[in-house]
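Colleague: Please see the structure below; I have some questions.
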Amino acid sequence: MAIKEVSIGDISARSAAAEGEFKGDHLVVNMGPSHPATHGVLRLKLELDGETITKCEPVLGYLHRGDEKIAENMTYNQFVPYTDRLDYIGPIHNNVTFALAVEKLAGIKVPPRCEAIRLLCCELARLQSHLLGVGVYAMDCGSITAFMYTFTEREKLYSLMEQLCGARFTTSYTRIGGLMRDIPDGWLGNVRKVVDEMEPVIDELDALITRNRIFYDRAYGLGVITKEDAIAYGLTGPNLRASGVALDLRKDDPYLGYENYEFDVPIGSTGDCYDRWLVRMVELRESIKIVKQAIDNMPDGPWYAEEAKKIFAPRKDKVMTSMEELIQNFMIVTEGPQIPAGEVYFEAENPKGLLGFYIVSKGGGVPYRMKIRSPSFCNLSILPKIVPGHMVADVPVILGSLDFVMGECDR
Amino acid sequence: MSELTDDLLQAFPYLTTRPSRDWPAFDCPPEHLLAFLQALREEYGYDFLSDVTAIDWYEESPRFVVVYHLYSIQQSRYIRVATPCVDDNEPSVPSVAGLWPTADWHERETYDMFGIKFVGHPDLRRILMWESYPYFPLRKEFPLAGHEVELPNEEIAERTGVKVKPAPMMGGPFHSGQTGPMSRREPRADDESWNETKPRPDELESFEKPREFRESARKEQ
């Protein structure tokens, strides 16, 4: 059977297809690199038999910026802004994960207040990411209203980020051994107000979409990922949990003191697109639960590791008055935090899945090798397995349910 | 030394432990890699392949080391397995894509970035760079500012009037080295094609400038 490649913009080929010149042939259609449903620059080569997809081949790399190469040529603190650009849907979680990875290599323990603030930020990032994830997913299925609802809520979270660190989108909030600054006065109250307002919106979203007949018919039983496949293809995060695997590092290998918080991890049963929606909806509520607990139990004390002299820059008021501290500040800014030699692998439960940093250090302020294990990259690798057999109109729904971000996938 | 380390060292005599700051780590010779990873998966419960990557040790031999991170969902713990590549110039290791399908893309990426061949991989192609790209960007000798390469598409090259595309990171991000006197260690642009002593390539007369530059220059004359 012959295979003919046709570009969507190629009018003559399309009319030839309409007139039946390609009868009995398989047609290759390119979806993307720039398509509303690909959430970034992803190209899918779809081979069609009539309307049914027989083969799907993702083509990546349109957003490849060489983040790993960049990381190997700058100090640890200089790389923090680059982590924002990985998963730019919930950037602050990447900051925290990167800081935790380097701190694990350096053997630093941050004080409880710092941990609690970081945990609060992580959950706000999960809310940001899931709100956009479900909103865009609903939009891919045809409901623009739901997207408006969730984006309004996300906007409030942006304002919280602005109050916290001055930037709405690219936060760069953490430093190795601490944070950029303490939380401002009254911020916790604002966070509580925002999450309190968010709960009824999530209920409304549930009423609007979850039991919507059109959405249900489009998502139910579509793109099923079995438990075995999900593990074999390295899926993580809500996509893995929707397939029925209870892997959540917040419970299994707690970091940041997640073991002290009470929350549930939702698990799906069949692993279809509808399950992936349900898991994200429940995770939104669970995140709000954690945020509330973090606000209630916010400890006092320092928000940076004071004893880590060679790693964390001194406080600004000390820099301006003491020569010793000024020199130390200069050394840390120019040479980077002095991290001992060794290798370490740290993964954290990002909104999209497990974000891992593998750092090999020869000592000094610059990593020798840094590998970023990105969840979206692994999540996408299942596409050639689950897309064939469905129709072209089902592809946006499957893509929406996987909730990937190309900045992280291509790095 | 943990119980698991003792067990593994006894059961697999070819293993050596590897210095690590967190999880148990082992060096495994490439000829035993597949058997060892399969045993880890089936007998020790490390069912989740989290990551495959490589390290370029540049001037040492073996130069390339491929690193695998495995996770056990039941026991919630990781293990790191490293294997040196056979040849420094034409590095290769056996592929584990048959054991875990997720290794397919990880190995393609490692091949793309380091040029390591995975023997037995079903479809070893580039994944992030384009198909005919001649370099391996994550090797240590690859300059941070990038190599100047011909545009992949001749049509674009014709339209823009440049045959050669300047590397996007020219004059690029700041770099602080780890050696030398203090004054040299200040962060500075780490670009290998031009600096204070060597002129910028577009200031050279031999540099072929884009069409609009040439035309505006002609008008001025």
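Colleague: So for chain A, averaging the separation of alpha carbon pairs under 8 Å that are six or more residues apart and normalising by length, what relative contact order in percent results?
Modeller: Relative contact order for chain A comes out at 24 percent.
Colleague: If only Cα atoms are counted, what is the Rg of region A:237-290, and what is its Dmax, in Å?
Modeller: Cα only, region A:237-290: 11.1, 32 Å (Rg, Dmax).
Colleague: Full-extension gain between A:ALA246 and A:GLU306, please, as 0.36 nm times their residue separation minus the C-alpha to C-alpha distance.
Modeller: 17.9 nm
Colleague: Comparing the chain by itself with all protein chains present, which residues of region A:357-402 are at least 20 Å² less accessible (probe 1.4 Å)?
Modeller: SASA drop of 20 Å² or more in region A:357-402: A:TYR358, A:VAL360, A:LYS362, A:VAL366, A:TYR368, A:ARG369, A:LYS371, A:ARG373, A:PHE377, A:CYS378, A:SER381.
Colleague: Can you list residues whose amide H is under 5 Å from A:VAL28's amide H, if they're 5+ apart or on another chain and H is modeled 1.01 Å from N?
Modeller: Here A:LYS4, A:GLU5, A:VAL6, A:LEU48 satisfy the definition.
Colleague: With the solvent-accessible surface defined on protein heavy atoms using a 1.4 Å probe, which residues belonging to region A:60-106 display a reduction of at least 50 Å² in accessible area in the multichain context relative to the isolated chain?
Modeller: Buried by 50 Å² or more upon assembly, which counts only protein chains, are A:LEU60, A:HIS64, A:LYS69, A:ASN73.
Colleague: While we're on this one: Tell me the Rg and the Dmax, in Å, that the Cα atoms of chain A produce.
Modeller: For chain A, the Cα radius of gyration and maximum Cα-Cα distance read 23.0, 82 Å.
Colleague: How large is the convex hull of the C-alpha atoms of region A:349-397 per residue, in Å³?
Modeller: Residue-normalised Cα hull volume stands at 104 Å³.
Colleague: Projecting each Cα onto the charge dipole of region A:66-222 (Lys/Arg +1, Asp/Glu -1 at the beta carbon, about the Cα centre), which of A:VAL191, A:MET139, A:PRO111 comes out farthest on the positive side?
Modeller: Toward the positive end, the furthest listed residue is A:PRO111.
Colleague: Evaluate peptide A:250-263: per residue, the Cβ atoms of other protein chains within 10 Å of its Cβ; return the mean as an integer.
Modeller: 1
Colleague: In region A:185-233, which trypsin sites (Lys or Arg not before Pro) fall in coil by DSSP and have 16 or fewer other Cβ atoms within 10 Å?
Modeller: A:ARG211
Colleague: On average, how much area does the Cα convex hull of region A:258-396 cover when viewed from any direction, in nm²?
Modeller: If I average the Cα hull's projected area over directions, I get 13.4 nm².
Colleague: Also, quick follow-up: Taking N as the number of residues in region B:45-130, what is its alpha-carbon radius of gyration divided by 2.2 N^0.38 Å?
Modeller: So region B:45-130 has a normalised radius of gyration of 1.09.
Colleague: Continuing with this model, one more query. At 37 °C and 0.692 mPa s, what whole-number value in µm²/s does Stokes-Einstein give for the translational diffusion of region A:58-212, with Rh from the Kirkwood sum over Cα pairs?
Modeller: 193
Colleague: Amide H to amide H under 5 Å from A:ARG175: which residues, 5+ apart in sequence or cross-chain, H placed 1.01 Å off N in plane?
Modeller: Residues meeting the amide H criterion: A:MET180.
Colleague: Test of understanding: extend the Cα→C-beta vector of A:ASP229 to 7 Å, then name every residue of region A:30-61 with backbone N under 13 Å from that spot.
Modeller: Answer for this model: A:56.
Colleague: Using 1/(1 + (r/R0)^6) with R0 = 51 angstrom and r between the beta carbons of A:ARG192 and B:THR16, what's the FRET efficiency to the nearest 0.05?
Modeller: For A:ARG192 and B:THR16, the calculated efficiency is 0.40.
Colleague: At R0 = 41 Å, how high is the FRET efficiency between A:ASP264 and A:THR52 if r is their beta carbon distance? Nearest 0.05 is fine.
Modeller: 0.60
Colleague: Average projected area of the Cα convex hull of region B:1-103, in nm²?
Modeller: 6.6
Colleague: Interface B/A, total buried accessible area with a 1.4 Å probe, nearest 100 Å²?
Modeller: Heavy-atom accessible area buried at this interface is about 4600 Å².
The values are calculated or read from the model by the stated rules, or taken from the named source; none is laboratory data. Keep in mind it's a predicted model, so treat the numbers as computed, not measured. Every residue, glycine as well, gets a Cβ built from its backbone with ideal geometry; the counts of neighbours run over all protein chains shown. Side chains included, ligands, DNA and RNA excluded: accessible areas come from the protein's heavy atoms. Shrake-Rupley method; radii C 1.70, N 1.55, O 1.52, S 1.80 Å.
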